[in-house]
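Down below is the structure, laid out as structure tokens.
The values are calculated or read from the model by the stated rules, or taken from the named source; none is laboratory data. The model shown is predicted, which means the values in this text are computed figures rather than measured ones. Cβ sites come from the backbone with ideal geometry, for glycine too, and all protein chains shown count toward neighbours. Quick note on the areas: whole protein, heavy atoms, side chains included, nothing else; ligands and nucleic acids left out. Shrake-Rupley method; radii C 1.70, N 1.55, O 1.52, S 1.80 Å.
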Protein chains: 2
Amino acid sequence: MITSADVIDLRVPTSDQLLGSDPFHKQPDYSSAVLHLETDAGLRGVSVVFTVGAGTDWVCHGIRDLCQLIIGSDLQDFAAAPIDLYRRLIDHHQLRWLHDGVFRMAAGAVLNAMWDLWAKSLDKPLWKLLVDLEPEFVADCIDWRNIRDALSRDEAVAMLRARRSDVARRESEMNPRGPKAYCTAGWLGLSDDQILATIRKLQTQGFDSFKLKVGQDSDRDVQRIRFMRDAIGPSCNLMVDANQYWGLGEAKRHIERYRPYGLKWIEEPIARDDVLGYVELAETFADADFGFACGEQAASPVIFKQLLKSGAIKYCQIDAVRVAGVNDVMAIILMAAKFGVPVCPHGGGIALCNMIQHYGMWDQIAVAGHSDTQLVEYIDFLQEAVEHPVMTRDGCYVTPTAAGWGLEFLPTFIDQHRFPDGEVWKTRDPTRKGVAFEAVVAPK
Amino acid sequence: MITSADVIDLRVPTSDQLLGSDPFHKQPDYSSAVLHLETDAGLRGVSVVFTVGAGTDWVCHGIRDLCQLIIGSDLQDFAAAPIDLYRRLIDHHQLRWLHDGVFRMAAGAVLNAMWDLWAKSLDKPLWKLLVDLEPEFVADCIDWRNIRDALSRDEAVAMLRARRSDVARRESEMNPRGPKAYCTAGWLGLSDDQILATIRKLQTQGFDSFKLKVGQDSDRDVQRIRFMRDAIGPSCNLMVDANQYWGLGEAKRHIERYRPYGLKWIEEPIARDDVLGYVELAETFADADFGFACGEQAASPVIFKQLLKSGAIKYCQIDAVRVAGVNDVMAIILMAAKFGVPVCPHGGGIALCNMIQHYGMWDQIAVAGHSDTQLVEYIDFLQEAVEHPVMTRDGCYVTPTAAGWGLEFLPTFIDQHRFPDGEVWKTRDPTRKGVAFEAVVAPK
């Protein structure tokens, strides 16, 4: 039984180093709304919602409210039918008015913490719990209402069923060498020298796939793409990420100049919800080497459905904490598999990589069932925050073995970074924290 | 100068009467996050974010956070360039991670209260302030980044400029007879007799356009449509609203049966963000009498852009408090005008009608510049909450004359309905309020 819920506003002043910067998120303070659910059996379920500083308290407020619905509830009831809790949250007849964004993220936090508890109660990593589920059970976790025109329940079951005989072999192939990883080396705030040093360090660790942030200055971006391509050579994967900085026409003009550099993907060229814009871009650049990638900020499975069904994106970037938890992500990964689009999860933040590695495992063992086309984002910072840091070897994730998500934060890290009373924040300049922290240069 | 902000969680137990019920929102308690901004000149700026009970506190939390950015700021600075505050909020480099939903609604509350103050400082109703703005000024209020592929700034200015010579004539035509109104008579929870009584009452008030909630039971819905059509005769407008209850395939099956009844529009047949689904529906029913309508839950101008540019919707249902205030709504109304789609605002809730009448006025005087095709939703309940109730005469809104939005709540109403400590809530069954209030029948 769930006996209590503790919600922690955890913020790290990463803006001091401009780590994670992009054209919109100029000075992010990587943060998390952390949920701890305790049970009478002595288990702790953990989940996070990643944020970039201000606003973490909004998400915490939401999670606290939702947790009232699960205190006193039974883990066994959840495990019998996770869709029931999904519906109680997402289809709550009053709360659903709040839509996606904070509401869906908060609901995802509650669901993900329950999945964590369930996996821990079986002493399995989350990916293993998912891999072991029967196809029908997976299908029953999903809200089909708005997506079945792209993928029906029966199709999903048939897809999973068809892979079943191969799952044991794939599982052993992916242990201990997990999903192939890639890194962002070209953060917006970094100099060429810093980028080069990052690439060289990553190469010694076996990485061959790198990403660069672009967006603001077309000439400078092309220079940086050329610089990155020269630095990594022709055979490595190079991707660029515009973080939605462009309008549609602008995107076309910028991207036209990217054709010669053998890019693998262009990530988030336009607004996260501009489905028809993505369709138009895909048509415009149908003959280019690169495909389009997005999803880290797609607000719901319905947006993914459209991007996948229309063929607009060639890489499906699930996020672990933007949509409503395992249940929504299962639906998205299954739709991607149907349309033959590789799932390349969005990582980084605080502990997102710790979560997405499980989705990569499930996808590559039990859904797509191969590892040829997928790249899972990997960012190495802030791993000092957790008990079970993400590990990579030879450019691949090392298969996680801790029970659940493996998201346990170190108590000292929490104490120091709790907002606003942790050591790191207590003495900080008030204009550099919370909503008062406005970036100096606002985007036009 | 803005000296203080008070945010009030106001909830009305409308679930007792099932007023406002639909297939998803089974027992709504019409609510508002009410924002009061005070100035040193003694003005009070008011805005609301409509909600349906639980979750109002989420929005209040967000508005309180954002208001820290405007305390001490100058109304004149806002009035000089409203886009600056829009960007400070919507493009806040950390908060923007929170997306649409609660974040955009909260930002809209702040913007709308500032617009209210500005109009009050000029002693004009909001519609009059908007009508009097120069075309270039209107264009400068808008964030063009993600919509200029549908409508450019220059096109918008030219459209407004072209209407300029006719504005005085239109303004006098629309005073005191404002935009034509329509009503929902067929709430889901009501019996045929209750519906008939509602229609007859509305007809004596001059209404000739009525809406019916549908969604769950196809046979029953067709019966009710037929009942409504019989009750109002062939020449009145009849619309149906499914509140996103169907998936795409389901929607087609249901709607196919609606062809014979001369419906004007089918509202929200599918999910609010399923743009390609709307495109497919529009193609499927291209030869039907009815067109599709949506927008009351469209999360951003980008969603509207796609629905309008693709021709998927024939009626554009702006909401006054779902997107980021006057600035976003201006953009949407202008896009609708370019694509020849009538703007039929979503009303109801607490005081939404008080706000949308101003948009109807602006659209019909200065943008579309006519009143032939637009219907503005009107719902007559909860007008006892405000100092300046919305008035209708002969089926039209009576042009509002109070300064600003005219959104002043009566202090006694606020005292009684403040959540959770107002008289109405203090003694209420705990299972019937807040997140604990779960509807008995969950949708499947």
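On the given criteria, is residue B:27 open to solvent by 20 Å² or more (accessible area, probe 1.4 Å) and under 21 Å from the mean Cα position of the chain (by Cα)? Step through it out loud before you land on a result.
Numbers: open to solvent by 20 Å² or more (accessible area, probe 1.4 Å): yes; under 21 Å from the mean Cα position of the chain (by Cα): yes.
Spelling it out, residue B:27 is indeed open to solvent by 20 Å² or more (accessible area, probe 1.4 Å) and under 21 Å from the mean Cα position of the chain (by Cα).
Flag not set for residue B:169, criterion: under 26 Å from residue B:377 (Cα atoms), open to solvent by 40 Å² or more (accessible area, probe 1.4 Å) and touching a strand residue (DSSP E or B) at 6+ places or on another chain (Cβ under 7 Å). Here residue A:424 meets the list (1) open to solvent by 20 Å² or more (accessible area, probe 1.4 Å); (2) not in a helix (DSSP H, G or I) almost entirely, failing just condition (2). Working only within segment A:62-81, note down all residues that are within 12 Å of another protein chain (Cβ to nearest Cβ) and not in a helix (DSSP H, G or I). A:68, A:69, A:70, A:71, A:72, listed by residue number. Cβ-Cβ distances below 8 Å connect the following pairs, each with a first residue in segment B:118-134 that is of a type in the set (Asp, Glu), a second residue that is surrounded by fewer than 24 Cβ atoms within 10 Å (Cβ to Cβ) and not in a helix (DSSP H, G or I), and a separation of six or more residues or different chains: B:123/B:403; B:132/B:124. Checked against (1) β-branched (Val, Ile, Thr); (2) surrounded by fewer than 24 Cβ atoms within 10 Å (Cβ to Cβ); (3) not in a helix (DSSP H, G or I), residue A:34 meets all criteria but (2). When we screen A:64, A:11, A:88 for residues that are within 23 Å of the chain's Cα centre (by Cα), surrounded by fewer than 24 Cβ atoms within 10 Å (Cβ to Cβ) and among the charged types (D, E, K, R), the only hit is A:64.
Out of the residues in segment A:39-57 meeting the condition of being assigned to a strand (DSSP E or B), more than 14 Å from chain B (Cβ to nearest Cβ) and not charged (D, E, K, R), tell me which one is farthest from residue A:349 (Cα to Cα). Working first, answer last.
Within segment A:39-57, the subset assigned to a strand (DSSP E or B) is A:39, A:44-51.
Now narrow it down to the ones that are more than 14 Å from chain B (Cβ to nearest Cβ): A:39, A:44-47.
Subset that is not charged (D, E, K, R): A:39, A:45-47.
Details: A:39: 28, A:45: 20, A:46: 16, A:47: 13 Å.
Going through the qualifying residues, I end up with A:39.
Return yes when residue A:77 is open to solvent by 10 Å² or more (accessible area, probe 1.4 Å), more than 30 Å from residue B:300 (Cβ to Cβ), free of Cβ contacts under 8 Å to residues at least 40 places away in the same chain and of a type in the set (Asp, Glu) and no when it is not.
Working: open to solvent by 10 Å² or more (accessible area, probe 1.4 Å): yes; more than 30 Å from residue B:300 (Cβ to Cβ): yes; free of Cβ contacts under 8 Å to residues at least 40 places away in the same chain: yes; of a type in the set (Asp, Glu): yes.
It is true that residue A:77 is open to solvent by 10 Å² or more (accessible area, probe 1.4 Å), more than 30 Å from residue B:300 (Cβ to Cβ), free of Cβ contacts under 8 Å to residues at least 40 places away in the same chain and of a type in the set (Asp, Glu).
Beta carbons closer than 7 Å, at least 6 apart along the sequence or on distinct chains, pair a first residue in segment A:294-312 that is farther than 25 Å from residue A:349 by Cβ and more than 7 Å from every other protein chain (Cβ to nearest Cβ) with a second that is open to solvent by 10 Å² or more (accessible area, probe 1.4 Å) and small (Gly, Ala, Ser) for A:311/A:282; A:312/A:282.
Scanning segment A:206-218 for residues that are open to solvent by 30 Å² or more (accessible area, probe 1.4 Å) and at pLDDT below 95 yields A:216, A:217.
Kindly indicate whether residue B:175 is more than 14 Å from chain A (Cβ to nearest Cβ), crowded, with 18+ Cβ neighbours inside 10 Å and modelled with pLDDT of 95 or more. Write out each step before concluding.
Numbers: more than 14 Å from chain A (Cβ to nearest Cβ): yes; crowded, with 18+ Cβ neighbours inside 10 Å: no; modelled with pLDDT of 95 or more: yes.
The answer is no for residue B:175.
Quick check on residue B:248: is it touching a residue at least 12 places away in the same chain (Cβ under 8 Å) and in contact with a helix residue (DSSP H, G or I) (Cβ under 7 Å, 6 or more places away or on another chain)? Before you say what the answer is, go through the steps one by one.
Numbers: touching a residue at least 12 places away in the same chain (Cβ under 8 Å): yes; in contact with a helix residue (DSSP H, G or I) (Cβ under 7 Å, 6 or more places away or on another chain): yes.
So residue B:248 passes the test.
Consider residue B:357 carefully, then state whether it is among the polar types (S, T, N, Q), more than 13 Å from chain A (Cβ to nearest Cβ) and closer than 23 Å to residue B:149 by Cα. The answer is no for residue B:357. Residues considered: A:427, A:431. Of these, the only one that is within 14 Å of chain B (Cβ to nearest Cβ) and among the hydroxyl-bearing types (Ser, Thr, Tyr) is A:431. State the number of residues belonging to segment B:378-406 that are outside the structural domain of residue B:181 (by TED's automatic domain parsing) and within 23 Å of residue B:28 (Cβ to Cβ). The qualifying residues number 1.
Of the numbered criteria (1) open to solvent by 40 Å² or more (accessible area, probe 1.4 Å); (2) under 19 Å from the mean Cα position of the chain (by Cα), the one residue A:44 fails is (2).
For residue B:148, the conditions (1) out of contact with any Lys or Arg (no Cβ under 8 Å at 6 or more places or on another chain); (2) in contact (Cβ under 8 Å) with a residue 60 or more places away in the chain; (3) assigned to a loop (DSSP other than H, G, I, E, B) all hold with the exception of (2).
Within segment A:386-412, if we keep just the residues that are free of Cβ contacts under 8 Å to residues at least 40 places away in the same chain and not in a loop (DSSP other than H, G, I, E, B), the residue that is nearest to residue A:112 (Cα to Cα) turns out to be A:386. Counting only strands (runs of 3 or more DSSP E) that fall entirely inside segment A:162-242 and contain at least 1 residues that are acidic (Asp, Glu), the qualifying elements are A:237-241.
This table checks each residue for (1) touching a Ser or Thr at 6+ places or on another chain (Cβ under 6 Å); (2) within 15 Å of residue A:262 (Cα to Cα).
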position	(1), (2)
A:169	no, no
A:183	no, no
A:211	yes, yes
A:217	no, no
A:224	no, yes
A:234	no, yes
A:240	no, yes
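Checked against the criteria, residue B:133 does not count as surrounded by fewer than 24 Cβ atoms within 10 Å (Cβ to Cβ) and in contact with a helix residue (DSSP H, G or I) (Cβ under 6 Å, 6 or more places away or on another chain). Within segment A:185-204, not a single residue is aromatic (Phe, Trp, Tyr), modelled with pLDDT under 95 and more than 20 Å from residue A:380 (Cα to Cα). On the basis of being at the interface with chain A (Cβ under 9 Å from one of its Cβ atoms) and either of a type in the set (A, V, I, L, M) or under 23 Å from the mean Cα position of the chain (by Cα) (or both), does residue B:273 make the cut? The answer is yes for residue B:273.
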